[in-house]
Amino acid sequence: LGAPLYESKGALEVLAWAMPFAWAAVCLKQRNVRLWARTLVAATILALLKGLFAWATLVPDSSGWNSCRERLNPQTLDLFQASASGLGAVGVLQMVPFVLWLWLQNLLLGMRQDQDLVCANSFSGPSYFCSIFALGLYDALRTKVRKLKPMFRGFAHFFIGFVLTLIVVLDAMFDVMSRRQYTIDVTIAISLSLLLYGSPTIALAVDSFLLRGAPRAYETKDGCDVGDVIVPPCCIPLCCFHGRYFIFSKSAAEVEEGRQAQIEATRVADRFRQEQEEAARRLLELEAQLESVRQRTQVRERQEAVEAEKRLHEQLSEMQNAHEMRVAKKLAQIESEVQAERQTAKQLEDNLQRETHRVELLEERQQEEERRFESELAMLVLDTEDARQALQRSQQEEDLESLALEELRRQLAELQASGVKLPEDLGAASLAAAGAGDAGFSLPVVDAGL
């Protein structure tokens, strides 16, 4: 009967082994640091207690020495037999790889495949490993469904607790039935897991650790809890008290007083909220009335605008007709004035043509006079040139006569100086001739031999 049960444990063992990974996935998704720290602290304490109990009191393997020796690793068996007489420094160094390998194997496989390395029992490692992470998973899922209605929330709590409890209990039962563990080992492992995970000391330590280094001091959490513990529904006979319990640093009376004050503050806040809602409702009604008045005003304004636009169109049409009449009259007047101006311009053009013809005649006459004057001027220029030439010739002749007169006077002076007596009439004639020479008349030269 034992063999079939042991062989049918495959799926259940996979579920129990996957429990820590499901817990880690939920913690990371929810970012629940408190749950992460509490679960790992409880698991660490259980691991230390298991090592301490295994060191303090060795219990033979539940399947017996012969069965244990058959599955034990040969190298481990040789090491144990060699160290029976005592361990030296070399033996201790040889034990280190086996200890590390045992630790890594237990960490990855949930303490389910270590029978080839050890042949002694303490309380059940697979049971406490599965129990502690099942409690953490129940705590995380309980937080997940807290927004449901009370009936559905309670049903979800019992369903999740039942499924997780069933996995843990069946896993422990199969370990006992397959002689992997003692019944007392499984019982102690599950009991220690429940006690440590629900320990107020661990809850206070985790809360203090998480608040260390926070901007606000730990003492400023007035009226707030300093930790919480979870009681799962599997805690028989206390399953009726399952739930989350919060730890306070004050007495129950002070906490109750604070809770009553908080309830009163909540009631006042609710009343204030109701008053605010009533005020908001009245405000909405006033806004609705104001919106109705605004809409009526807009309709009336649109009607008035339509009527004003109609009146404006009528006034514009009247003003346009009056303007067109004034423009027609003004155009007629301007047309008559333009006609008169055209006649005046035509008369001015005729006068201009006559004046232009007269100016052309005057210009022709002036051109003829200019040609005549030019011809006379040319003749005068020629006469002037002839007169200038005649004057030059007369000046030359005068110069010659002056020279001749001077010569004559010199000769007379020489004659007088030589004592030649000249008749008076000759001297007078000579003077007269000199005067006549000055006047421009030429006289014959008197020979000096006379």
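Structural remarks
- Additional length obtainable on full extension of the chain from Arg271 to Thr44, 0.36 nm per residue less Cα span: 76.8 nm
- Residue-level accessible surface for Leu348, protein heavy atoms, 1.4 Å, Å²: 110
- In the context of the full protein assembly, Ser249 retains an accessible surface of approximately 100 Å², using a probe radius of 1.4 Å and ignoring ligands and nucleic acids.
- Partner aspartates and glutamates for Lys50 [C-alpha distance under 13 Å; skip if fewer than 8 residues away on the same chain]: Asp185
- Only protein heavy atoms count here; on that basis, with a 1.4 Å probe, His357 has an accessible area of about 110 Å².
- Distance from the Cα centroid of region 327-383 to that of region 240-297 is 110 Å (rounded to whole angstrom).
- Rounded if a/c under 1.5, otherwise prolate or oblate - region 243-388, Cα gyration tensor axes: oblate
- Virtual paramagnetic centre 7 Å along Cα→Cβ of Val163, amide N under 18 Å, in region 126-156: 130-149, 152-156
- The slack between Ala156 and His323, meaning 0.36 nm per residue of separation minus the straight C-alpha distance, is 51.0 nm.
- In terms of accessible area, using a 1.4 Å probe and ignoring ligands and nucleic acids, Thr384, Thr39 rank largest first as Thr384, Thr39.
- Approximate spin-label separation Arg146-Phe248, in nm, with each point projected 7 Å along Cα-to-Cβ: 1.7
- With R₀ fixed at 45 Å, the C-beta to C-beta distance from Val381 to Glu407 puts the FRET efficiency at about 0.70.
- In this label model, Arg371 and Glu307 are separated by 9.4 nm, measuring between points 7 Å along each Cα→Cβ vector.
- Across the protein chains, with a 1.4 Å probe defining accessible surface, the residues Ser317, Ser124 rank Ser317, Ser124 from largest area downward.
- Prolate/oblate/rounded label for region 291-341 (Cα gyration tensor, a/c 1.5): prolate
- Computed extension length for Gln295-Ser199: 27.7 nm, one decimal, from 0.36 nm per residue of separation with the Cα-Cα distance subtracted.
- Shape call, region 310-430: gyration tensor on alpha carbons, a/c limit 1.5: prolate
The values are calculated or read from the model by the stated rules, or taken from the named source; none is laboratory data. What you see is a predicted model; the values in this text were computed from it and never measured. Cβ coordinates were reconstructed from backbone atoms using ideal geometry, including for glycine residues, and neighbour counts include every protein chain displayed. To get the accessible areas, we keep the full protein, side chains included, count just its heavy atoms, and leave off ligands, DNA and RNA. Shrake-Rupley method; radii C 1.70, N 1.55, O 1.52, S 1.80 Å.
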